[in-house]
Structures are given as structure tokens and as C-alpha cells.
Amino acid sequence: MRRKLVDQMMRWTAIHEMGHACSLPGHYDKHDPAATEIPIGNKTCPMHYSEHAEDLQYIILQVLFKPDAPMLMAYGQFCKDDDFDCWGHLNIKDN
């Protein structure tokens, strides 16, 4: 039961870190780079930083009520929003 949750979190982390490796910044306030603790932007983008308390709430509720279900912290494709446009900023090189 816990293994499925850990696997989902590991996949999300791997996708997020690969985004950094492909030159994507996390979603933070560009006008205040020190404000990295404030989550902004598209919540389904893998580069979105979520609030720690929100993550814990999802995980605890998941374990208690429906451990086999997918995590509520949904992630999808890199965002194409005007604010961040992670998809458009992906920089993948083969050298």
C-alpha cells in the first residue's frame, strides 16, 4: 500500500528534476526570486512547487481512506501558460 504512494511520489520527483536538467526553473515569483516557498502557477505542471502542508494532507488522507488510488496531487504535461510556458522553454540537447 505505501509502496504505491512512494512510487507515485518518486515518479513526480523524477519528472520535476528532469525538467530542471532541461533548463526549466520551478514555478516561483519571477519578481521576487527569494519567494520560492510560495506556490504559484499551473498546479498540474511538474515544475509547480506545492505547499508542504498541502502535500502532507493529501498523503495522510490517501493512506487512511484510499491507498490504492492515484495521488490527488495530479501532474500532467509541462504547462503552456503565459506565466511560465515550461513546454516552450524546454531545452534538450544531445551533446
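The values are calculated or read from the model by the stated rules, or taken from the named source; none is laboratory data. Just so it is clear, the structure is predicted and the values come from calculations on it, not from any experiment. Every residue, glycine among them, receives a Cβ derived from its backbone with ideal geometry; neighbour counts consider all protein chains shown.
Pairing each residue of segment 79-93 that is within 13 Å of residue 43 (Cα to Cα) with any residue that is among the charged types (D, E, K, R) and surrounded by 10 or more Cβ atoms within 10 Å (Cβ to Cβ), provided the two are 6+ apart or on different chains, yields C-beta distances under 7 Å for 79/85. Taking residue 7 and the conditions (1) outside any loop (DSSP other than H, G, I, E, B); (2) modelled with pLDDT under 70; (3) among the acidic types (Asp, Glu), which numbered condition does it fall short on, given that it satisfies the others? If we test residue 7 against (1) outside any loop (DSSP other than H, G, I, E, B); (2) modelled with pLDDT under 70; (3) among the acidic types (Asp, Glu), just (2) comes out false.
Pick from 67, 33: which is surrounded by fewer than 14 Cβ atoms within 10 Å (Cβ to Cβ), touching a Leu at 6+ places or on another chain (Cβ under 8 Å), at pLDDT below 75 and assigned to a loop (DSSP other than H, G, I, E, B)?
On the way: 33 fails: touching a Leu at 6+ places or on another chain (Cβ under 8 Å).
Among 67, 33, only 67 is surrounded by fewer than 14 Cβ atoms within 10 Å (Cβ to Cβ), touching a Leu at 6+ places or on another chain (Cβ under 8 Å), at pLDDT below 75 and assigned to a loop (DSSP other than H, G, I, E, B).
So residue 13 fits all but one of (1) surrounded by 11 or more Cβ atoms within 10 Å (Cβ to Cβ); (2) at pLDDT below 80; what number is the exception? Unmet condition: (2).
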